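Contents: one structure, followed by commentary.
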Amino acid sequence: MSVLPSRNSLAIIGAGPVGLEAAAAALERGFDVHIFERGEVGAHPIAWGHVRMFTPWRMNVGPHSAQWLETAGWARPEAEAYPTGAELAQHYLEPLGKHPQLAPRIHAHTQVVHVSRRGMLKGDAVGGAARREHPFRLLVRDVGGRESYLHAYAVIDASGVYGQPHWAGDGGIPARRELYLAPQMSYRIDDVLDLQRARYAAKRTLVIGAGASAATTVCDLARLASEAPGTMVLWATRGAAGALYSQFTDDPLPARRELYARARALAGGADPSVTHIGDAVVEELEFNSATHRYHAVLRVGEQVRREEIDQVIVNTGFGPDDSLYRELQVHECEITRAPYRLAKALREAGSTDCLTAPALGADVLANPEPDFYILGHKSYGRNPHFLLQTGYQQVTDVIEKLAADLAVTPVA
């Protein structure tokens, strides 16, 4: 994209399922699209590649992407089968990223560091359409560390949240010494049964967190304990065991139902290899370089509990990186850090499950900053109740709105 881009120029941040769907839809609608991905195509699903999704293939394929792939001879996966993250990337995202019309527009291993407006500061033309006349200015860094400026009249941030894990400490901030130790600990859903088996087999591991990621990790470690004697799990959660993973007998997602049932049983003492500590927060983490063991200080109620462990896995969730658009006029929710209108609509709907979250149009997704949209999981901020099919609906609505606002002519 040149310094003075065409009016139909669109920059998309993130080459995951929603970013690629947005690119396919935008190209159909007449946009000049470029996609920037700081890793490889589908980097986030690849990172949790061994984990099987709760939702089947029919809920994870975008309609615009599927049409592009099928015209190129792609065979759609079995609709009711449940893909792993690796399968989602291998059988869907990678072929999409290699499509001859998309591939030249994908800039992998290229990070968008900041987004602003050319010739305008954050406080200029507040609430005015005049900002639309100044193209977005993107500071982009390639794999070699070289930086350049690119410009576009519309920007979609579909970079997700998986790259920004939450901290382990009380109140959501780091525990003492956590910042120093973070590079050697895990903040992901580690493949403890295969690729990282040696790291955890016959070891004592502290798992921190109470969401689906923590449940997956603890269940996998319990299975590892049945195969590798000496494997032990210390599971720390802010809530008591009885408050974890509320049971919904009519849950239509069987994989989620089974995972949560197993996690509830483990928290309740069903497996001697798993010790659950409820009402606990992490105060401090230390590492003894002589013994290669961690020392964790937990506060359980008002009592201090000290534990020695071999490994630490922090599965406390993920949140949006809002540093990208700090110089844009984006109104964030004070609770979830999602775009305010969307967060407010979700809160008012009272939905606490991804299957019942309402579909919301482009007007709700809009920010005070004209022609800048946050889509996909990042649009939900810290709210975990997001489905890919929700993101695909967002794409359809937003591309049509951008095309109307920027007077983009559809492809003949």
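Read-outs throughout are calculated quantities, based only on the coordinates presented, and are distinct from any laboratory measurement. Predicted, not measured: the structure shown is a model, and the values here were computed from it. So basically every Cβ, Gly included, is an ideal-geometry build from the backbone, and we count neighbours across all protein chains shown.
Taking the C-alpha atoms only, the angle from helix 340-349 to the longest principal axis of the chain is near 60 degrees. For the chain, with a Gaussian network of springs between Cα atoms less than 10 Å apart, report the residue from 129, 366, 175 with the top mean-square fluctuation. Per the Cα network of the chain with a 10 Å cutoff, 129 tops the list. Note on residue 378: lysines with a C-alpha under 30 Å away, same-chain residues under 8 apart excluded, are 98, 122, 344, 401. May I ask for the distance between the Cα centers of the stretch 391-412 and the stretch 260-284, given as a whole number of Å? Spelled out, the Cα-based centre of one part sits 47 Å from the other. If the label point is 7 Å along Cα→Cβ of residue 290, which residues in the stretch 300-316 have backbone nitrogen under 18 Å from it? Once the point is set 7 Å along Cα→Cβ of residue 290, 308-310 turn out to lie under 18 Å by backbone N, inside the stretch 300-316. Extension gain, residue 306-residue 331: 0.36 nm per intervening residue step, less the Cα-Cα distance, totals 4.8 nm. Among residues other than residue 95 with Cβ under 15 Å from its Cβ, the summed charge is -3 (Lys and Arg +1, Asp and Glu -1).
Starting from the Cα gyration tensor of the stretch 1-45, take the square roots of the eigenvalues, sort them a ≥ b ≥ c, and report rounded, prolate or oblate (rounded when a/c is under 1.5, otherwise prolate if a/b is larger than b/c, else oblate).
Taking the square roots of the gyration eigenvalues as a ≥ b ≥ c, the stretch 1-45 is oblate.
Each part gets one Cα centre, and for the stretch 71-91 versus the stretch 1-68 those centres are 16 Å apart. Largest mean-square fluctuation among 204, 306, 118, in a Gaussian network model of the chain whose springs join Cα atoms under 10 Å apart, belongs to 306.
For the chain, the longest principal axis of the alpha carbon atoms and the long axis of helix 17-28 meet at an angle near 10°.
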